[in-house]
1. So is VAL3 modelled with pLDDT of 90 or more, assigned to a strand (DSSP E or B) and under 12 Å from VAL95 (Cα atoms) or not?
2. Say we look at the stretch 55-104 and pick out the residues that are in contact with a helix residue (DSSP H, G or I) (Cβ under 9 Å, 6 or more places away or on another chain) and not in a strand (DSSP E or B); which of these is surrounded by the fewest Cβ atoms within 10 Å (Cβ to Cβ)?
3. Under 7 Å between Cβ atoms, at least 6 apart or on separate chains: pull out the pairs that start in the stretch 1-15 with a residue that is without any contact (Cβ under 8 Å) to a residue 60 or more places away in the chain and end on any residue that is in a loop (DSSP other than H, G, I, E, B) and surrounded by fewer than 12 Cβ atoms within 10 Å (Cβ to Cβ).
4. Over 25 Å from SER14 (Cβ atoms) and at pLDDT below 90: is that true of SER45 in this structure?
Amino acid sequence: LDVLVLGSAMVQGSIVQVRLIGGLKMLDNGEQDDKLLAVPITEQSPFKKINSIKEMQQHFPGVLTIIETWLSNYKGSDAKVDIQGLISKQEALDVLDKAIKHYN
């Protein structure tokens, strides 16, 4: 399960406290591949007070469009990535719970 942490660059493998705000429902080559979206709560990030997808859209218009565009194209033109839409914080928590249960 992928979690995109929106904020300043950090070293790969860093452990950071985050707040889940929602996610993107996606299909990658026909398989479910949802991406969760989170914001750091301990760093001096412009996103640190964001609590939901709705707040992100209100306070930082365009950010989610940029993420959707990148995820639609990051595997190249031959990949079949289908962004099915945004999911709420609660739906993202449900995806996370399901993944935790699957791997435990």
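The values are calculated or read from the model by the stated rules, or taken from the named source; none is laboratory data. Please read all numbers here as calculations on a predicted model, not as lab measurements. Heads up, the Cβs are rebuilt from the backbone with ideal geometry, glycines too, and the neighbour counts pull from every protein chain shown.
1. Working: modelled with pLDDT of 90 or more: yes; assigned to a strand (DSSP E or B): yes; under 12 Å from VAL95 (Cα atoms): yes.
Yes; evaluated as a whole, the condition is true for this residue.
2. ALA79
3. none
4. Values: over 25 Å from SER14 (Cβ atoms): no; at pLDDT below 90: yes.
No.
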